[in-house]
Each structure stands twice: as structure tokens, then as C-alpha cells.
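Contents: one structure, followed by commentary.
The values are calculated or read from the model by the stated rules, or taken from the named source; none is laboratory data. What you see is a predicted model; the values in this text were computed from it and never measured. Neighbour counts run over all protein chains shown; Cβ positions are idealised from the backbone, glycine included. Accessible surface is based on the protein model in full, side chains and every heavy atom, while ligands, DNA and RNA are left aside. Shrake-Rupley method; radii C 1.70, N 1.55, O 1.52, S 1.80 Å.
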Amino acid sequence: MVKELGERLVKKGVKVTVYCHRALFKDRPKQVNGIDLVYTPAIESKSFTQLTHSFFSMIHACFSNVDVIFVVNSGNGPFGIISKIFRKPTAINVDGLEWLRPKWKGLGAKYFFWASKMATKFYDQIINDSDEMQRVYQELFNASSQVIAYGSNPGLQADPTLIDKWELEKEGYYLIVGRLVPDNNADLIIEGFSKSSTKRKLVVVGDVPYKDAFAERLKNIPDDRLIFTGYVKDQQELAALYRNCYAYFHGHEYGGTNPAMLKALGYDCAILALDTPFNQEMLQNGKHGWYFEKSRDAVKSIVDKAEQSPEALMQLRTTSKEGLTQKYNWDYVTDQYIEVFQRLAGK
């Protein structure tokens, strides 16, 4: 989102600065594709890295001459008080239902709920990425917001030979793309898939950047059909994995518009999605994908159904890009953000 939006803003004459987590970058160029980069530190720990990086970035931004500060993720909600003190106009894309994610149990869940509420108090403009998320914020926090979805790039092509790296064949595998965390339900999908009798493989793209018992357990499931690629940073390789899969599994549960799902639509995937209000909205209530309930047996059943219905899956692949309406067009998304930023700067 930052890449697609930032580069388009630059082309439209907007000066853009992006804050980067210093520890993640060995090379630190000052500018990439017209976007200025600032590398800020963080307290390196599983729970506090992102929050402390955001804190230092907000301080730096408030002392700079920027007209508007744009923040992503409601976990950064409390930092809006800093920009309030400095009288810097702000917008925040609050992202998903962070407080419901299984990884944030107990105190973490309480923090994210409180932080999301604080975002509605301290930031000048709340942005939700889906109509359903807008409804949630209105009901829970009595907060109005503007819906601006993420964009997609439909009809992109990919070199089919790139999947040879993993000894894969076109339509010979199912695909999951996402972090190996409980809220993406990779365990549900992998274990349900393992109960099926399909001869196709299941390719799992993604990992976590720390040692984690949940991720390790999944990687050690004894099934020769499972392929864990880890992070795939080469975008052409990732495109090839999307473009050539038999079907794409989407188990994300607590977000709004999901970028991985948009990529799947853009790469003409047949989509098998967890039945949530957000996924119903994105796939237009079943027009552009099939749904499964949150159980391993339901995953097994939908795999069996997919195996018996190659023509139906071909139809889904043929029509998937029709789901990418103007709402998900990056140029349209950018124009909406520019309107928000101009309005805030005008204040």
C-alpha cells in the first residue's frame, strides 16, 4: 500500500516521506522512486518493536515541516496526542480488528481496543478500508470515518517457469499467502487440507520474523504435500505462484480489505475464503469465490468440492478480475487520499 500510494503521490507532485524501521535495512538510501526515506530506531522486542518505531517516527515527523502526517494501524492511536500538541494535521488508516487477533490475548487485546478508541479521539481523519469496518467503528466508538480501500493491479502476467524453483506444475497446487500467525488460520487450512485425499500440493508463502512455537508446529506437520517457502521477496516469483495455483486459500479473519486477496483477484485466482463479513464484501457475497466455515472438516470438504469441480474453478479464474471494481483501482484510491490530505492541509 505504501509503495503503490507513495509512488503515485510523487507523480502527482506531492512530496512524500516514509519512515523505515532502521534495523530492517542494511542499505539505507535516502530516496527510492522519488520517495524520501527516514530510518528511525525502535526497541527491538516481539511486542514493542512496531509501537516504539511509530513513537519515534511521530516525534520526528512533528518536528519536520510536513503538512500532513499519515499513520497506518490503530495500534498507533495514542500517538495522535503528540501530533495534537504540535498541531500537525493527521489521518490514520486503522486497518483491522486488532483487539480480536488471537496473538494479542489479555493485556495486548485490551491495549489495541483502547488504542483504536484513542485513534478516533486524537486523529483528524479516520480511514477504514471497507464498508464493514466503517460500520464496526461507528457502532463501537460512535466514530465517523471515510472508506478508502486498497488497490490492485488486475491482469498482471507472470513467468510460469518461476514456479519450477519449488518443483511445482501449473494448477498442481493450492496456495496460502500470509504471516504464520493464528489470526490468518493457516493451521486450520493446513490441517484440514491434510485430511483431504487430493494429490495436489499446498504451498504456504509466509513466515514470522521471530522464533515461534505456532509456526514451528505447522512446519513440522508430516505431509509430503506441504511446501513452506518462507518469505518470497521476489515479486515476480510471488506473482508466478499466484498466477499458476489451482486455488488460493484466504483464511484472514479480522481485517477489512485484504491486500493478499486483492492480489489473488488481480492474478485471476479461484478463491476459497473463510466466511467472514469482510470476505463476503470483497468477493461480492460469493460471486467471485467460495466460502468455508471455521473448521478443519469444512476445509477438507471445500478441497474435495474443488477437486470434483475443475470447470467451476476455471470459471472463477476467468471472472475474478471483474471483482476489482473502481473501488479497488490504485489511481482512484490515490485521488481519494489526495482529497483527504488537501482538506487536512487546508485546515
**OP:** Mind jotting down the three principal axis lengths of region 275-347 based on Cα atoms? Whole angstrom, largest first.
**Re:** 57, 27, 13
Original post:
Taking a probe of 1.4 Å, how large is the accessible area per residue of the chain, in Å²?
Top reply: 48 Å²
**OP:** Take Glu167, Glu237, Glu311, Glu293 and sort them by solvent-accessible surface of the protein heavy atoms, 1.4 Å probe, largest at the top.
**Re:** Glu167, Glu311, Glu293, Glu237
**OP:** Check each of the trypsin sites (Lys or Arg not before Pro) in region 216-265 and keep only those in coil by DSSP with at most 10 other C-beta atoms within 10 angstrom; list them in order.
**Re:** Lys233
Original post:
Val147's amide H: which non-local residues (gap 5+, or another chain) put their own amide H closer than 5 Å, with H modeled 1.01 Å from N in plane and none for Pro or chain starts?
Top reply: Asn128
**OP:** Using only Cα positions of region 207-347, each an equal point scatterer, no hydration layer, compute I(q)/I(0) via Debye at q = 0.09, 0.17, 0.22 Å⁻¹ and quote the log10 values to two decimals.
**Re:** -0.35, -1.09, -1.49
Original post:
For Ala240, what charge total do you get from the other residues with a beta carbon under 13 Å from its beta carbon, if Lys and Arg give +1 and Asp and Glu give -1?
Top reply: -3
**OP:** Could you tell me what percent of the accessible area of the chain is made up of carbon and sulfur, with a 1.4 Å probe and every protein chain present?
**Re:** 53 percent
Original post:
By DSSP, what percent of the beta bridges with both residues in region 1-130 are antiparallel, rounded to the nearest 5?
Top reply: 15 percent
Original post:
Could you give the semi-axes, largest first, of the ellipsoid that matches the chain, computed as the square roots of 5 times the alpha carbon gyration tensor eigenvalues and rounded to whole Å?
Top reply: 35, 21, 21
Original post:
Based only on the alpha carbon positions, what is the Kirkwood hydrodynamic radius of region 72-205, in angstrom?
Top reply: 17.9 Å
**OP:** Starting from the amide H of Lys201, placed 1.01 Å from N in the peptide plane, find each other amide H under 5 Å away whose residue is 5 or more places distant or on another chain.
**Re:** Tyr173, Tyr174
**OP:** Using the Kirkwood radius over Cα pairs, work out the Stokes-Einstein diffusion coefficient for region 1-122 at 20 °C and 1.002 mPa s, in µm²/s as a whole number.
**Re:** 140 µm²/s
Subject >> Shape metrics for region 150-261, restricted to C-alpha atoms - Rg then Dmax, Å >> reply: 13.7, 38
Original post:
At 222 nm, what helix-only mean residue ellipticity would the chain give, in deg cm²/dmol to the nearest 500, using -39500 (n - 2.57) for each DSSP H run of four or more?
Top reply: -11500 deg cm²/dmol
